[in-house]
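Shown next, in structure tokens, is the structure this report addresses.
The values are calculated or read from the model by the stated rules, or taken from the named source; none is laboratory data. It should be emphasised that the depicted structure is a prediction, and the values quoted were computed from it without experimental measurement. Note that each Cβ is placed from the backbone with ideal geometry, even for glycine, and that neighbours are counted across all protein chains shown. These area figures cover heavy atoms from the full protein model, side chains too; ligands, DNA and RNA do not enter into them. Shrake-Rupley method; radii C 1.70, N 1.55, O 1.52, S 1.80 Å.
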Amino acid sequence: MEITKTAITIKDLCEGYVNETETDIEQGVYAYGGKLCVRPAFQRSFVYDAKQSNAVINTALKGFPLNIMYWVENDDGTYDCLDGQQRTISLANFVDGVTHFSAPWFQDGKKIYFTTLKRLDPDLYNKFLNYELEIYICKGTKAEQMDWFRTINIAGEKLYDQELRNANYVSPWLTSAKKYFSKANANSTAKCPAELVGGDYTNKNANRQELLEQVISWIVDSDEDANICQYMENHINDTDASELWNYYNDVIDWVKTFFDNKEKGLKSINWGHLYNLYKDEDINPDDITETFEKLIDAKASKELDISIAKIVEYCFSGDDTLLKHRAFSDIQKRSLYTTQKGCCKDCGKPFDLKDLHAHHIIPWYNGGTTDLANGVLLCKECHTQRHL
């Protein structure tokens, strides 16, 4: 692979800047006279917040060095931004007048737009435009380029797993999938289509490709990297991601027939796994709702100490072992305390409730249940002796 080092001014970089992703993720971001694709298909969305963008602008205004950027040269003489998208867009948005710069060291901290800077300080304005960015341009096979992409991101802001996978599966399918499961602009308050459909049932980040990763893991019923990659490989020649999108809608529609409330814990459930298991079974939604609400009430009153995920799974499977929990509840401890008249079961000495330990008569690991018939309260010393 051939790698060339060069320097490009901010003025040249921002020439012909176009950002058409605000409303449509399929559109592109271009700079450097239209020759640089700032956001190739494998890249994440713009994720810098105002503070991070300001830091980039401030660095250039002060003449301090910015980190190296990496571009890939294509056969037609155009370039793909391999690393440096966030810095490029931060600079270009400022020059283009899209964003302002809050400079505590300049003009009493007022918000300054680029045109204002030209009027207030022409020398600084020109110095900024002529600031030289250090660019490494590589030319090689696709495999070499993607390998380089992984390597240079080790030391930078950590890429999420799905962001790295996307680099290896650039295709119309991926572009379509990102249209459904990603935002065009990470700083936008608008939700992507998948969030609009099922945002109450997932806590995954669409900007960092976590939501896309989750839905693929649902459809393959596995969160193993190899299985997720295999799905992407199998569909790399597809013209769109309609299969994945339709599957996601089917899952969410199925979930909504049973759980239409906004219980916070529902966002962490592996809905794809449950859908794959029970979608063809004749299940009465009213029965599921009644069971769920009953167990949620028991959890709220601390009569039941298990996760919402296990409660949901129990609603479908009826597996009583899911309701078993290791720790005795506060209500159970108080009941045992009353039964034992405030005394340790073994030594008979009186103790405050806070100084007694709930103990399984038949150990948990031997199948002992967490109920009153299998529980006693012991002082610290007696509790230790029972474990010897």
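The table below gives the values:
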quantity	calculated
For residue 344, residues with placed amide H under 5 Å, excluding near neighbours	349, 351
As computed over segment 278-388, the Cα convex hull volume per residue (Å³)	110 Å³
With every protein chain in place, the chain: carbon and sulfur % of accessible area (1.4 Å)	47 percent
Net charge, residue 202 excluded, C-beta distance under 12 Å - Lys, Arg +1, Asp, Glu -1	-1
MRE, 222 nm, helices only [DSSP H, n ≥ 4, -39500 (n - 2.57), over the chain, to nearest 500]	-12500 deg cm²/dmol
Where 213, 163 fall by accessible area, highest first, once all protein chains stay in place (1.4 Å)	213, 163
Gaussian network model of the chain, springs between alpha carbon atoms under 10 Å - residue of 334, 165, 39 with greatest fluctuation	334
Inter-site label distance for residue 321 and residue 243 at 7 Å from Cα along Cβ, in nm	3.4 nm
At 1.002 mPa s and 20 °C, Stokes diffusion of the chain via Kirkwood alpha-carbon radius, µm² per second	84 µm²/s
Residue with peak Gaussian network fluctuation, the chain [Cα springs, cutoff 10 Å], from 166, 207, 284	284
Helix runs (DSSP H) in the chain reaching 20 Å along axis by Cα, Kyte-Doolittle at least -1.0	242-256, 285-300
At R0 = 25 Å, FRET efficiency that the Cβ-Cβ distance of residue 119 and residue 62 yields, to 0.05	0.80
Candidates 63, 28, 368, ranked by Gaussian network fluctuation over the chain, Cα under 10 Å, top entry	368
Cα gyration tensor category, rounded, prolate or oblate, for segment 173-327 with a/c compared to 1.5	prolate
